[in-house]
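A.B. asks: Before I ask anything, here is the structure I am working with.
The values are calculated or read from the model by the stated rules, or taken from the named source; none is laboratory data. None of the values given here were measured: they were computed from a predicted structure. Reconstructed Cβ throughout: ideal geometry from the backbone, glycine too, with neighbour counts over all protein chains shown. These accessible areas exclude ligands, DNA and RNA; they are computed on the full protein's heavy atoms, side chains included. Shrake-Rupley method; radii C 1.70, N 1.55, O 1.52, S 1.80 Å.
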Amino acid sequence: RTLKALPGHSPDRLPALSNLGIQLLDRYQRAHDPEDLYDAVGIARDVLAQLPAGSPHLAHCLSTLGATLLALRNREGGTVEECDEVVDLFRRAAPGDPKGPAAAGINLGLARVLRYQRAGRPHDLHEAVAVFTEALNAARDPEQGVGVRAALGNALRARYALSGDPADLDAAISHLSAVAAVSTQATPRTATRLLAPAMALHARYRLDPEGNRADLAEALAFLRRAESLLPPGHPERPVTLCDLGLVLS
């Protein structure tokens, strides 16, 4: 309603448009309606294209477009070039990110992980681990630290799958278990934070089934709780059910 009430030449129109795009992205992350995501991407591109030269909001707008495209690529996949765009947006935004170096590091690291998943370049995964490690040291508060630990743990788990280095797996479990320990709310977000530690523990169990039997029991407990928190239709529910079946078998 605010946007419709503003004349086209108003200096308040661009900030209002940007805020609308951010609200649509937030709603997509709660309700997972793809139309919200498509609209958010279009708005973020429009805002960046209309931004005056030298605007102090450049980093924020670059980061906003990067976030919408990251969500889109995670939902629908993408070409290497499309993943390159996400990495480039977050790299350009990082020096002036208004949320600070930890938030910028999370974004850039997630973009690197995305490109590794699509292009299979080990360098991206190593860079993601390095960026997340720096971001953890720069975290402003415990909540931000939890977000960094979740991203770092996932990257280390992926690197373990690539390298087979047990040290990467142990480090991943340490970070992801710390995230699970503070994820106590009965929400779908909590459920998604339980999947990674569960499967990291399952991977360590497989290395030594007799010696790591406790890991299997803990993984099962995480997955049962995650399954109970995810409603039908949630995009992470099929993955959770597959993981739960694997651990039960």
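A.B. asks: What FRET efficiency do you get for Ala221 and Lys99 if R0 is 30 Å and r is their Cβ-Cβ distance, rounded to the nearest 0.05?
C.D. replies: The value I calculate is 0.30.
A.B. asks: Summarise the long-distance tail of P(r) for region 3-134 by giving the % of C-alpha pairs beyond 25 Å.
C.D. replies: 26
A.B. asks: Okay, next question. Note down the Stokes-Einstein diffusion coefficient of region 101-148 in µm²/s, whole number, using a Kirkwood radius over alpha carbon pairs, 20 °C, and 1.002 mPa s.
C.D. replies: Details: Rh = 10.5 Å.
For the chosen part, D equals 204 µm²/s.
A.B. asks: With +1 on each Lys and Arg Cβ and -1 on each Asp and Glu Cβ, and nothing else charged, work out how big the dipole of the chain is about its Cα centre, in Debye to the nearest 20.
C.D. replies: Computed charge dipole of the chain: roughly 360 debye.
A.B. asks: Okay, helix-only estimate at 222 nm for the chain: each DSSP H run of n ≥ 4 adds -39500 (n - 2.57), divide by all residues, round to 500 deg cm²/dmol; what do you get?
C.D. replies: -26500 deg cm²/dmol
A.B. asks: Ignoring ligands, DNA and RNA, please state the percent of accessible area on region 103-206 from carbon and sulfur, probe 1.4 Å.
C.D. replies: The computed percentage sits at 50.
A.B. asks: Something else about it: Give, in nm to one decimal, the length gained when the segment between Asp33 and Thr187 is fully stretched (0.36 nm per residue of separation minus the Cα-Cα distance).
C.D. replies: Working: separation 154, 0.36 × 154 = 55.44 nm, distance 1.81 nm.
Separation in residues times 0.36 nm, less the Cα-Cα distance, equals 53.6 nm.
A.B. asks: I've got another one for you. With a 1.4 Å probe and all protein chains in place, put Tyr116, Tyr28, Tyr38 in order of accessible area, largest first. Mind showing how you got there, number by number?
C.D. replies: Details: Tyr116 45, Tyr28 25, Tyr38 90 Å².
Order by accessible area, largest first: Tyr38, Tyr116, Tyr28.
A.B. asks: Using only Cα atoms, tell me the angle between helix 58-76 and the longest principal axis of the chain; keep it within 0 to 90° and round to the nearest 10.
C.D. replies: Taking the Cα atoms of the chain, the angle to 58-76 is about 50 degrees.
A.B. asks: Along the positive direction of the dipole of region 100-193 (beta-carbon charges: Lys, Arg +1; Asp, Glu -1; about the Cα centre), which of Pro188, Pro101, Gly145 reaches farthest?
C.D. replies: Farthest along the dipole direction, towards plus: Pro188.
A.B. asks: How high is the relative contact order of region 1-100? Use alpha-carbon pairs under 8 Å, at least six apart in sequence, and give a whole percent.
C.D. replies: Relative contact order here is 23 percent.
A.B. asks: May I pose another question? Just how large is the dipole of region 78-158 about the Cα centre, in debye to the nearest 20, putting +1 at every Lys and Arg Cβ and -1 at every Asp and Glu Cβ?
C.D. replies: Values: 10 positive and 11 negative charges, 42 e Å.
Computed charge dipole of region 78-158: roughly 200 debye.
A.B. asks: Could you check which residue among Thr184, Thr64, Thr133 shows the biggest mean-square fluctuation in a GNM of the chain with a 10 Å Cα cutoff?
C.D. replies: Looking only at Thr184, Thr64, Thr133, the biggest GNM fluctuation is shown by Thr184.
A.B. asks: Once you list every other residue whose beta carbon is under 14 Å from the beta carbon of Leu51, what net charge do they have if Lys and Arg are +1 and Asp and Glu are -1?
C.D. replies: Counting the neighbours of Leu51, the net charge comes to +2.
A.B. asks: If Leu14, Leu230 are ordered by their accessible area, calculated over protein heavy atoms with a 1.4 Å probe, which sequence runs from highest to lowest? Can you show the working numbers first?
C.D. replies: Details: Leu14 35, Leu230 5 Å².
Heavy-atom accessible area, descending, gives Leu14, Leu230.
A.B. asks: Using the alpha-carbon atoms, what tilt in degrees (0 to 90, nearest 10) does helix 13-31 show relative to the longest principal axis of the chain?
C.D. replies: Rounded to the nearest ten degrees, it is 20.
A.B. asks: Looking only at Ala31, Ala226, Ala196, which one moves most when the chain is put into a Gaussian network model with springs between Cα atoms under 10 Å?
C.D. replies: Ala31
A.B. asks: For helix 80-93, report the angle its Cα long axis makes with the longest principal axis of the Cα atoms of the chain; keep it between 0 and 90° and round to the nearest 10°.
C.D. replies: 70
A.B. asks: Assuming a viscosity of 1.567 mPa s and a temperature of 4 °C, what translational diffusion coefficient in µm² per second does Stokes-Einstein assign to region 102-229, Rh being the Kirkwood radius over Cα pairs?
C.D. replies: Approximately 88 µm²/s, per Stokes-Einstein.
A.B. asks: Over region 67-204, what relative contact order in percent results from Cα pairs under 8 Å that are six or more residues apart?
C.D. replies: The value is 17 percent.
A.B. asks: While we're on this one: Using a 1.4 angstrom probe with every protein chain in place, what is the largest-first accessible-area order of His32, His57? Kindly include the intermediate steps, with their values, before the conclusion.
C.D. replies: Values: His32 45, His57 110 Å².
Heavy-atom accessible area, descending, gives His57, His32.
A.B. asks: How high is the relative contact order of the chain, given as a whole-number percent (alpha carbon pairs under 8 Å, six or more residues apart)?
C.D. replies: 10
A.B. asks: Still on this structure, please answer the following. Picking from Glu210, Glu134, Glu81, which is most flexible by a Gaussian network model of the chain using Cα springs under 10 Å?
C.D. replies: Taking springs between Cα atoms under 10 Å, the residue moving most is Glu210.
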